[in-house]
Amino acid sequence: MVATAERETLGFQAEVKQLLHLMIHSLYSNREIFLRELISNASDACDKLRFEALATPSLLEDSPELAITVEVDDKARVIRISDNGVGMSREEVIDNLGTIARSGTAQFLSQLSGDSRRDAQLIGQFGVGFYSAFIVADRVEVTTRRAGLDADAAVLWSSDGQGEFTIEPATRDARGTTVTLHLKEDAAEFATTYRIESLVRRYSDHIAFPVKLAEAGKDEARALNTAQALWTRPRNEIEDSEYIEFYKHIAHDAQAPLAWSHHKVEGTREFTGLMYVPAHAPWDLWNREAPRGLKLYVQRVFIMDDAEQFLPLYLRFMRGVVDSAELSLNVSRELLQQDAHVDAIRKALTRKALDMLEKLAADEPEKYRTVWQQFGEVLKEGMAEDFANRERVAALLRFDSTANDEAAASVSLPDYLARRKESQKHIYYLLAESPEAARASPQLEMFRKHGVEVLLLTERIDEWMMQHLREFNEAELHDIARADLDLSDIGEAADDKLDEVREQAHAALLDRLKKTLSGRAEDVRISRRLTDSPACLVLGADEPGIQMRRIMEAAGQPIPETLPVLEINPGHPLVERLEALEDKSHFADLAHLLLDQARLAEGRQLKDPGAFVQRLNRLLLEPVARPAEGNAGG
Ligand code: ADP
């Protein structure tokens, strides 16, 4: 142990320096959170020791009672927070109190704007943890001894939070950690028994270990909390504020949750679940490696963080704890994957989570709107993931629709069905690149004419989602951009005879268009869905749409382009003009423009914008450049 028997000065990782700087400047108005963070760490350390002691009982030595003690010295302006938890070895101290191990930290820091109010919120989401000590202290010392190591294998870590820390050997009589804060002059208010006591009661009442206050001149430290795991207490005895503080503790989130659900399930599969819906998405919601899942306890003994087996992926934004009486204390992540109890608990928790979301949607739509804004895209994954609960999850989805003047995800499928027209059987939707492109789409014209609502889907995931949502409450969902659209139920007679007559009446035009556009359009047909626009594109029944193409492109597997079907509106003056036009090149210019504008109306890009511009210019200049029809061929 020679190498460690000396004092060493080390630099903080760059991210830590940046975080420290930002924290000290942006969390100033919320300084007292340091106490919650440090007590929270102490509680985690006790949890970890209890867990390790399952396999190695000797770690508890002769002090199996785990506790946290806070000591205040107002004259010296010092606060000490001690625990007899797991402690840290020298390596662990360097790793934990010199770096930020969490992946994506750099990415997180790059999101900070320098606007301190916004940053304070972001930092709160990130979970400031240990480093928050420097908001109130200009020197912090940590003396710690890893459980199982000797008294002289303790370590003293010390820093002024400016960029470096020192680390040196120390002795500590018992295992555990003491964090000593030398308060800044303007933080002296925190070094009073009264202030500490009220902060502990406010922020840390839910901590499952005793939090004691050691007072000068008194031998016995006084317990400030009930030290009972919150979820084991009866619901009607728990204050909302306690639920909220508990959430902040487990989720490392400064913002209160939107809702929670606390259930004790008795019987053969006995377990207790406490789940929360956060008020905002974590900054790493879309990071595949981001930790997710519930905190797992077995008979009140902490087993692991981020037990992801207890909720389906589309509910991964939920936070909380699950405490099972059935699982074995030495359960591991691998074992969890094959455990039948886990499966049963997941099913039950999923139902409870959906109950909670449904209740929120029904009783507090404002809050549910926030849920949808923050997690809607994640919930959509449920369409593919959870067959058993599909109808329930589908009812939780919110859509933009032609019933809204401005883009807003506010319409549910039950809303839609409740106001659909009497004769209408199906639910109609349109996939588009953006809310603007959707609203401008010619595909909507016939629906507008008949006053039929169409859902507008403009997120990347939507097309994929809709492949799994073909039916809701016995109504089929139909993509209105598909070629095989049947409009009979909204009052547009599906008269094949009439279609035939129309096709025949315009046979010559269709034939010319098909020839002219060969290589660019698969087919040209007379449309039944247009009233105002001259033309639109439609998709074959199984052809991937625009969003699917984008997804596949992004994944490096572009789908080969297929040719679109062009539908034309024979009543439109432009089409009438085409019909009468004999000049070949003039006809070709107009025909190509018709196709191009149908493409643009969908929010798609043109393959050859240059050719488009040239054609357009030729037509714009037409009266001058082409004094008489028929001379302009060459
Ligand atoms: P977080 O708690 O979010 O991981 P912190 O910055 O608060 O981040 O702490 C970093 C790490 O330092 C913790 O994960 C833990 O391993 C260690 N640590 C902090 N406080 C203690 C303590 N009182 N006892 C043992 N380990 C601790």
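For residue 289, the solvent-accessible surface with a 1.4 Å probe is about 150 Å², rounded to the nearest 10. Beta bridges assigned by DSSP with both partners in the chain are antiparallel in approximately 75 percent of cases.
The mean sequence separation of alpha-carbon pairs under 8 Å and at least six residues apart, normalised by the residue count of the chain, gives a relative contact order of 9 percent. Cβ-Cβ distance of residue 622 and residue 562, R₀ of 30 Å, FRET efficiency by 1/(1 + (r/R0)^6): the value works out to about 0.35. Placing pseudo-labels 7 Å out from each Cα toward the beta carbon at residue 583 and residue 313 gives an inter-label distance of 5.8 nm.
Return one whole number: the accessible area per residue of the stretch 230-369 in Å², for a 1.4 Å probe.
Each residue of the stretch 230-369 exposes 46 Å² on average to a 1.4 Å probe.
Each part reduced to its alpha carbon centroid, the stretch 190-207 and the stretch 337-373 end up 33 Å apart.
Each label point was placed 7 Å from the Cα along the Cα-to-Cβ direction; for residue 222 and residue 422 their separation is 7.6 nm.
Given R₀ = 41 Å, what would the calculated FRET efficiency be for residue 139 paired with residue 240, taking r from the Cβ atoms and rounding to 0.05? The calculated FRET efficiency here is 0.65. In order along the stretch 286-295, the Karplus-derived 3J(HN,Hα) couplings, from 6.51 cos²θ - 1.76 cosθ + 1.60 at θ = phi - 60°, round to 9, 8, 4, 8, 4, x, 8, x, 9, 7 Hz, and Gly and Pro are given as x.
Among the aspartates and glutamates, which fall within straight-line cross-link reach of residue 359, defined as a Cα-Cα distance under 19 Å, with same-chain neighbours fewer than 8 residues apart omitted? Filter leaves 240, 391, 415. Extension gain for residue 406-residue 523 works out to 38.7 nm (0.36 nm per residue, less the C-alpha to C-alpha distance). Relative contact order of the stretch 398-490: 35 percent, from C-alpha pairs under 8 Å at least 6 residues apart in sequence.
When the solvent-accessible area of the stretch 230-369 is split by element, carbon and sulfur atoms take up 45 percent of it, the probe being 1.4 Å. A Cβ-based charge dipole, computed about the Cα centre of the stretch 311-451 with Lys and Arg at +1 and Asp and Glu at -1, lands at about 360 debye.
Annotation for residue 74 and residue 329: the two label points, set 7 Å from Cα along the Cα-Cβ direction, are 4.4 nm apart.
Check cross-link reach from residue 48 to the lysines: straight Cα distance under 29 Å, and skip same-chain residues fewer than eight apart. By straight Cα distance, residue 48 reaches 17, 212, 248, 264, 295, 347, 352. Net charge dipole, the chain: roughly 380 debye, given to the nearest 20, about the Cα centre with Cβ charges of +1 for Lys and Arg and -1 for Asp and Glu. For residue 174 and residue 55, the difference between the fully extended length at 0.36 nm per residue and the C-alpha to C-alpha distance is 40.8 nm. Ignoring ligands, DNA and RNA, please state the percent of accessible area on the stretch 2-223 from carbon and sulfur, probe 1.4 Å. Within the stretch 2-223, the accessible surface is 47 percent carbon and sulfur. Per-residue ellipticity at 222 nm computed for the chain from its helices equals -11000 deg cm²/dmol, with DSSP H segments shorter than 4 residues left out and the rest contributing -39,500 (n - 2.57). A full extension of the chain between residue 270 and residue 14 corresponds to an added length of 87.5 nm, given 0.36 nm per residue minus the alpha carbon distance. Per residue, the solvent-accessible area of the stretch 398-490 (1.4 Å probe, heavy atoms of protein chains only, all protein chains present) comes to 44 Å².
The values are calculated or read from the model by the stated rules, or taken from the named source; none is laboratory data. Being a predicted model, the structure only gives us computed values, none of them experimental. Positions of Cβ are generated from backbone atoms using ideal geometry, with glycine treated the same way; all protein chains shown enter the neighbour counts. SASA here: full protein model, heavy atoms, side chains in, ligands and nucleic acids out. Shrake-Rupley method; radii C 1.70, N 1.55, O 1.52, S 1.80 Å.
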